[in-house]
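To start, the structure under review is shown below, and the notes come after it.
The values are calculated or read from the model by the stated rules, or taken from the named source; none is laboratory data. What you see is a predicted model; the values in this text were computed from it and never measured. FYI the Cβ positions are ideal-geometry reconstructions off the backbone, even for glycines, and counts take in every protein chain you see. Protein only, heavy atoms only, side chains kept; ligands, DNA and RNA dropped before computing areas. Shrake-Rupley method; radii C 1.70, N 1.55, O 1.52, S 1.80 Å.
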Amino acid sequence: MILNKSLSILLSACLFMLLMFVMSSVIALFFNGGSIPYIGLLFVVIFYFIAKMFYNYLRNDELYKNTGRRSSDEPDESYIIKGDKDFKKIFIIVWVMIILVLAAISLYLYSFNTGLL
């Protein structure tokens, strides 16, 4: 099962945001001072590569292979999900979306509780 390109990019961006939400919370709790921007830049680079690997995971399986030079998409082909259903991949996608929403809500409540809003 592979997802179309636009949906894979959107889900990879959601995973990137989730990782940044969680890491910004941890950094804000445990670090003080001038090292926070450097730590943030380091994690942006790390999370970029993790999101890129997640994108490749969503776009490839045993039957369909997509690389930078070769695509399994036919011209004028429109699909959301192509191939047999993979419940592990569906579970990971749903898990990322649920945890992203919960992380956003918890950060909003944290900032509301500390008087930032």
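Scanning segment 68-91 for residues being open to solvent by 50 Å² or more (accessible area, probe 1.4 Å) and part of a helix (DSSP H, G or I) gives a total of 4. Cβ-Cβ distances below 7 Å connect the following pairs, each with a first residue in segment 28-45 that is touching a residue at least 24 places away in the same chain (Cβ under 8 Å) and under 20 Å from Leu107 (Cβ atoms), a second residue that is among the hydrophobic types (A, V, I, L, M, F, W, C) and surrounded by 10 or more Cβ atoms within 10 Å (Cβ to Cβ), and a separation of six or more residues or different chains: Phe43/Met23. Here is the figure for segment 92-117: residues that are open to solvent by less than 50 Å² (accessible area, probe 1.4 Å), modelled with pLDDT under 85 and among the hydrophobic types (A, V, I, L, M, F, W, C) total 1.
In segment 60-77, the residues that are of a type in the set (Lys, Arg) never reach a residue that is open to solvent by 100 Å² or more (accessible area, probe 1.4 Å) and at pLDDT 80 or above with C-beta atoms less than 8 angstrom apart, at least six apart or across chains. When the residues of segment 1-25 are filtered to those that are open to solvent by 50 Å² or more (accessible area, probe 1.4 Å) and of a type in the set (S, T, N, Q), which remaining residue is nearest to Leu63 (Cα to Cα)? Taking the candidates together, the pick is Ser6.
Results for (1) modelled with pLDDT of 80 or more; (2) in contact with an Asp or Glu (Cβ under 9 Å, 6 or more places away or on another chain); (3) over 30 Å from Ile80 (Cα atoms), shown as yes or no for each residue.
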| position | (1), (2), (3) |
| --- | --- |
| Leu3 | yes, no, no |
| Ser8 | yes, no, no |
| Ser12 | yes, no, no |
| Leu18 | yes, no, no |
| Leu29 | no, no, yes |
| Asn32 | no, no, yes |
| Ile36 | yes, no, yes |
| Gly40 | yes, no, yes |
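Just one of the listed residues (Phe31, Phe54) is surrounded by 12 or more Cβ atoms within 10 Å (Cβ to Cβ), of a type in the set (Phe, Trp, Tyr) and in contact with a Ser or Thr (Cβ under 8 Å, 6 or more places away or on another chain), and it is Phe54.
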